Amino acid sequence: MTTPAAATGTAPQPPDPAPGAEPAPPASEAPAAPAPRPEPRLRLRPGVAVTPLLAGLHLRGRGVGVTLEGSRALPALWRLLSARLAPDRAVRGDGGPRTGTSSPDDADPRTGTRPPDDADPRTGTRPQADARVRTGTQDQAGTQDQADARARAEAGEAADVRARAEAGEGTDVREQGAASDQADPRVEAAITALTARLREHDLVVEHPQDAELPPWPGSSAAHPAEAAEAIRNARPVVATPDPESPLAASLVRALGRAGASPRVVADGRLAADRAVITADTPTGAVALAVSCDTDGGFVTEPGPPHRARSDAAAVATRLAAPPPWAASGPATARSRSTAPVPAPSRTTSVQAGAPRQTAAAATGPSPTHIALLAGAAAGRLLAAVAGLPDPAGHEDASGTDRAGHPAVLIARTEPPEATYHPWAAAPRAARRGPDAPPAPDLGEALRRVTALGDPRLGVLDAPLPGDLPQLPASLASCRTPAGLLVAGAVRADLARLEAACRAAELALADVLPAPVVGASRDHAHGRALRRAALGLEAVSTTSETAPAAARGIGDDVRRTHPQAHHWWTVLTERMGRSAELSVRRLGPGEVHAAVVRVRPASSGAGAAPATVSRAVEATAADAVALAALDAVTRVMAAQHAPDRARHTALSGAAAPLAAAGAEPAGWADEGWTDVWLAAIAAREPALRTALRRLTGMRPTPWQGAGHHPLAAALRASGFTVLSAPGGPR
């Protein structure tokens, strides 16, 4: 019987070739089979911290925190699972993983702390100093006795765990630690369920066997190995006027710590406090600019290399200049809580044409400030290289992603801060994509208003309620080149939208005769058509005393419609103002105009003049309610805003935005604001058609938007700018 080669230890001999067959090539010339790629396995992401609870686990990772509760067995399950999720021993060695985090199976599962490096691996305690230097047979015997005692204690602990499991306390666990592979199937099912929860919250990641999981991007990348490889191949180049500057050195250190191999080149075209970093990606090169001086600095968004320098110059110019709304007249005092945001110290430190010298100016930026900006720049660039989300996405509170605005990190030294800001006025080439679509609802429109009114890079002053009163109606104010503007509406969000649109119109008045701005095309058309109809109504009204028929329609409406009755009562009874109301139909369609004339509160020499409020809507009730609301907010603004402040109020054009996505209660009527706005929105298309026939107006978008920074920012944010005739609202 022939003995197999495997049993004798000799290699099997190839059979003799058949007659006429080609001889087999030598073994050295045979094509080598490709080495099999290691199978990926789950690893706990670097930086994940776990705190066992009495009946659960609390896990914390990059941008996520989750608490799992409901069973006293969860801490024991975690001890079993953490050993499987730990890096391989060949990678991490005996002293834990080389990623800078303690190995889960080296840490105490109850405290989450790692024992000292010289601790006993079975007890977790550090031996006494004299025990480390003893030698001899007696010491070896004592050490063996201690090991036997520990083994007996561990066996007793395992038996106790099995006894508790059999008694029904927690989840069945037959064995722990190294014998977890032979655990009860129900324990394996529980571990599988726990692993699924970790996957849901992105706390684990697949990683090849026998490979080190880098701390970054391993903590956030979907495929850390591929991301780390992309960073190694990025070959970043740091261009700076002074390659020996602290900023250049800090950038090199930050890039090197992430796994890149940067080099520095001198570029005399850059400003002294600026640097540009360029790196390779699988789809092409990407670059960003970083600036750091004694007052602050910034980091631009990654983009094409040819845009980095011009973007940095534009951002620096915007930060050094006063805001566009600061050129207003004397009537720009604002309420206390809406005080203007101070300009960067680089502009406020100039007095009488000479720069103010400070200690910081003499010493330059602090090392901490330089490291902050260098780390932020390296992180943003390498995130783009590795295909990771931009860090600015975590601070997207103003709709930057939705509107496609670039985000710029702006840092200040006094007070110390670093925050991402949307750059709504960025050039078209610097934007993430084409112009944003119109806002679908009021919430999205206000997020874009927030971006347009950013205190550092915005093109409008952010309209805010401040300390203006919010009852009986809501007021919001903002500064414009023409002075302070106060807007009134039934709610603060609607007042903010009206203020933003009117402020933009006032800012565009120097380049456009009669601009009309809306958050969408329909919103802008509704505002323009109402304004044109109000101009016709004002021309046709020649008498200060309303006709009796017009007064009769108004009297009937304000008694029967809940919104009209409410706002008329607020004006005449709660505020005690004497007012006169008239309503009439305009043309043959369903268009009604309401006029509310409020007499002055006193007849003295310093008494305020009478005010006139007008509204054009589809029904007489809507027109009366909105005209009365206009009168109420005018009275409130006169009492709480500075003299000569401009005023604007809500119109029905904003109702479709307010009603989009809202579902009023089925039992509510038009006495509730949501139901009333939804009813106005339903009538809006027919009203616009009737107003076009009445006025003959066909509003068209302004074609010169690209030549004005504000108009370009509005269009990029999805707003519509129309050139339409009509008086101010």
Here, helices (runs of 4 or more DSSP H) confined to the range 491-603 with at least 1 residues that are modelled with pLDDT of 90 or more are 492-508, 521-540, 562-569
The lone exception for THR648 - which of (1) more than 15 Å from LEU529 (Cβ to Cβ); (2) touching a Phe, Trp or Tyr at 6+ places or on another chain (Cβ under 9 Å) it fails:
(2)
When VAL591 is evaluated against the numbered criteria (1) in contact with a strand residue (DSSP E or B) (Cβ under 6 Å, 6 or more places away or on another chain); (2) farther than 30 Å from CYS478 by Cα; (3) in contact (Cβ under 8 Å) with a residue 40 or more places away in the chain, which criterion, by number, is the only one it fails?
(1)
Looking for whichever is in contact with a Lys or Arg (Cβ under 6 Å, 6 or more places away or on another chain) and modelled with pLDDT of 90 or more here; the options are SER651, SER717. Which one fits?
SER651
Quick check: anything in the range 61-74 part of a helix (DSSP H, G or I) and at pLDDT 60 or above?
yes
Collect the residues in the range 383-418 that are part of a strand (DSSP E or B) and either modelled with pLDDT under 75 or exposed (fewer than 14 other Cβ atoms within 10 Å of the Cβ) (or both), keeping them in residue-number order.
PRO416, GLU417
Whichever residue in the range 196-226 is modelled with pLDDT of 85 or more and surrounded by 14 or more Cβ atoms within 10 Å (Cβ to Cβ) and, among such residues, is farthest from ARG84 (Cα to Cα):
HIS201
Only one of LEU446, LEU464 is out of contact with any strand residue (DSSP E or B) (no Cβ under 9 Å at 6 or more places or on another chain), buried (at least 19 other Cβ atoms within 10 Å of the Cβ) and at pLDDT 90 or above. Can you tell me which?
LEU446
ALA234: among the hydrophobic types (A, V, I, L, M, F, W, C), at negative phi and buried (at least 22 other Cβ atoms within 10 Å of the Cβ), yes or no?
yes
Test: SER261 is part of a loop (DSSP other than H, G, I, E, B), of a type in the set (S, T, N, Q) and crowded, with 19+ Cβ neighbours inside 10 Å
no
When you look at ARG431, is it assigned by TED's automatic domain parsing to the domain that holds LEU255, at pLDDT below 80 and within 22 Å of SER291 (Cα to Cα), yes or no?
yes
Among the numbered conditions (1) outside any helix (DSSP H, G or I); (2) under 30 Å from ARG307 (Cα atoms), tell me where ARG447 comes up short.
(1)
Residues of the range 270-288 being among the aliphatic types (A, V, I, L, M) and under 12 Å from PRO305 (Cα atoms), which ones?
VAL276, ILE277, ALA279, ALA285, VAL286, ALA287, LEU288
Within the range 278-315, track down each residue that is small (Gly, Ala, Ser) and outside any helix (DSSP H, G or I).
ALA279, GLY284, ALA285, ALA287, ALA289, SER291, GLY296, GLY297, GLY303
Matching option when the condition is on the phi < 0 side of the Ramachandran plot, modelled with pLDDT under 80 and buried (at least 17 other Cβ atoms within 10 Å of the Cβ), among ALA32, ALA86:
ALA86
Which is farther than 30 Å from VAL511 by Cα and either part of a helix (DSSP H, G or I) or over 36 Å from the mean Cα position of the chain (by Cα) (or both), of ALA665, ALA681?
ALA681
When the residues of the range 470-485 are narrowed to those that are in contact with a Lys or Arg (Cβ under 7 Å, 6 or more places away or on another chain) and not in a loop (DSSP other than H, G, I, E, B), which ends up surrounded by the fewest Cβ atoms within 10 Å (Cβ to Cβ)?
GLY483
Inspect the range 685-699 for any residue being modelled with pLDDT under 80, closer than 16 Å to GLY518 by Cβ and in the same structural domain as ALA528 (by TED's automatic domain parsing) and give the result as yes or no.
yes
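The values are calculated or read from the model by the stated rules, or taken from the named source; none is laboratory data. Values in this document were obtained by computation on a predicted structure and should not be read as measured data. We place every Cβ from the backbone using ideal geometry, glycine too, and count neighbours over all the protein chains shown.
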